[in-house]
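**Q** The structure's right below; bear with me while I get my questions together.
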Amino acid sequence: MDTEWIPRNRGGAESGQEPSADPQTGSPPATATRPYLSVVIPVFNEEHTLPELIERCLTTCRGTGKPFEIILVDDGSSDASAQILSAVAEQSEGCIVGVLLNRNYGQHAAVMAGLAESRGDVVVTLDA
């Protein structure tokens, strides 16, 4: 399965401060602060509902007072969902991660791709 990950903008209050990745392995250092909560959401042709979904998730996650990440996985949408995810992920200071699948693999594969990217101690899956 080919995927494209939107680069994380490391740092920021919501994602916790993280040192740079190891230049040889690309892995975060063992002392890196991880988010407490990861929320994984598969997305397929949800351009009209994404802004409200993202805002509600941000509000809820911020309310926990814990570091978090929201991982939105676009499962080959034919609408503007991928473009919306890309824009939001690039502006989110690391708390929103976009994963773009190159075609529609199905909800299970999208969730698995999000789980593979998650770093939280607690991982929650939602359906968009």
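Nothing in this text is a laboratory measurement; each read-out follows from the coordinates by a stated rule. This is a predicted model, so every value here is computed, not measured. Using ideal geometry, Cβ is built from the backbone for each residue, glycine included, and neighbour counts are taken over all protein chains shown.
**Q** Rank these for me by crowding, Val122, Val39, Val73, going from fewest to most other beta carbons within 10 Å.
**A** With the sparsest Cβ surroundings first, the list reads Val122, Val39, Val73.
**Q** Another question, if that's okay. Lys and Arg at +1, Asp and Glu at -1: add these up for the other residues within a Cβ distance under 15 Å of Leu115 and post the number.
**A** Counting the neighbours of Leu115, the net charge comes to -3.
**Q** Which of Val43, Val99 has the fewest other C-beta atoms within 10 Å, and how do the rest follow up to the most?
**A** Fewest to most other Cβ atoms nearby, the residues stand as Val99, Val43.
**Q** Still on this structure: Quick check: residue separation of Ser86 and Leu53 times 0.36 nm, minus the Cα distance between them. What number comes out in nm?
**A** Length gained between Ser86 and Leu53: 10.4 nm.
**Q** Give the separation of the Cα centroids, the range 94-128 to the range 43-85, in Å.
**A** After rounding, the separation between the Cα centres reads 11 Å.
**Q** Now for a different question. Order 48-58, 85-95 from most to least packed using the mean count of other Cβ atoms within 10 Å.
**A** Output ranking for 48-58, 85-95: 85-95, 48-58.
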